[in-house]
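This report concerns only the one structure given below.
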Amino acid sequence: MKEFTIDTRIRSFAWEELSEADRRLVEEAKRKTQDSYSPYSHFCVGAAARLSDGTIVGGCNQENAAYPSGLCAERTVLFAAGAMHPELAVETLAIAAYTDGHFTEDPVSPCGACRQVMLETENRYGKPMRVLLYGANHVYEFSSAESLLPFSFISEDLKGGVRAR
Ligand code: THU
């Protein structure tokens with residue numbers, strides 16, 4: 001029997017410790033929570049992607065009376081960025097959530113389907129995509145989408161080959 005571990009490094013920042021560019025991106029994610037269409041959950045999620053040329057694309061969750069037809073904020077933004085600026089890599093993605101009249105104190109952890117889409121985006125452009133998760137108490141930074149979804153299903157798996165990791 002062999003055993004191996006996959007470690008995830010998470011850096012936790014106080015608001016003042018973030019760079020000005022990151023604060024601006026997170027502010028956009030926070031602002032977009034207010035555009036959330038979430039009449040069923042009342043859980044307002046905003047996301048903002050900074051692209052390789054500095055462009056910021058923002059978005060929010062979109063719910064539906066047929067619940068599974070809705071979409072999370074992260075995928076809304078990544079699909080919008082991919083549709084509008086297919087040639088630009090996503091450098092950093094920021095996420096914030098607002099419910100019961102305030103932003104969450106702790107960062108909200110993206111769902112599995114969004115992590116899968118984040119990973120595809122990262123692999124598509126061949127560059128790590130940083131992820132910033134906003135909480136009123138602290139902001140978490142993941143240096144890549146892969147670190148949020150270890151041992152994931154990726155395009156190489158479709159070829160049935162040996163994993164290079
Ligand atoms: N939601 C997101 O937009 N992103 C997440 O990471 C978690 C959940 C949305 C989906 C749904 O509209 C609401 O939050 C409650 O699950």
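Bear in mind that the values in this text are calculations on the coordinates, not laboratory data. Everything numeric in this text was worked out from a predicted model, so none of it was measured. Heads up, the Cβs are rebuilt from the backbone with ideal geometry, glycines too, and the neighbour counts pull from every protein chain shown.
Here are a few things to note about the model shown:
- Filter pass, Arg11 being closer than 18 Å to Glu141 by Cα, more than 15 Å from the ligand (Cβ to nearest atom), surrounded by 11 or more Cβ atoms within 10 Å (Cβ to Cβ) and without any contact (Cβ under 8 Å) to a residue 60 or more places away in the chain: no
- Within segment 89-133, being in a loop (DSSP other than H, G, I, E, B) and crowded, with 22+ Cβ neighbours inside 10 Å holds for Pro107, Pro110, Met129.
- The requirement of being in contact (Cβ under 8 Å) with a residue 40 or more places away in the chain, within 12 Å of the ligand (Cβ to nearest atom), within 26 Å of Glu141 (Cβ to Cβ) and small (Gly, Ala, Ser) is not satisfied by Ala89.
- Filter result for Tyr140 (assigned to a strand (DSSP E or B), within 24 Å of Glu27 (Cβ to Cβ), within 11 Å of the ligand (Cβ to nearest atom) and of a type outside the set (Asp, Glu)): no
- Of the residues in segment 61-75, at least one is in a helix (DSSP H, G or I), of a type in the set (Ser, Thr, Tyr) and farther than 16 Å from Phe103 by Cα.
- Scope segment 30-45; condition near the ligand (Cβ under 7 Å from one of its atoms), assigned to a loop (DSSP other than H, G, I, E, B) and either of a type in the set (Phe, Trp, Tyr) or surrounded by 14 or more Cβ atoms within 10 Å (Cβ to Cβ) (or both); matching residues: Ser38, Phe43
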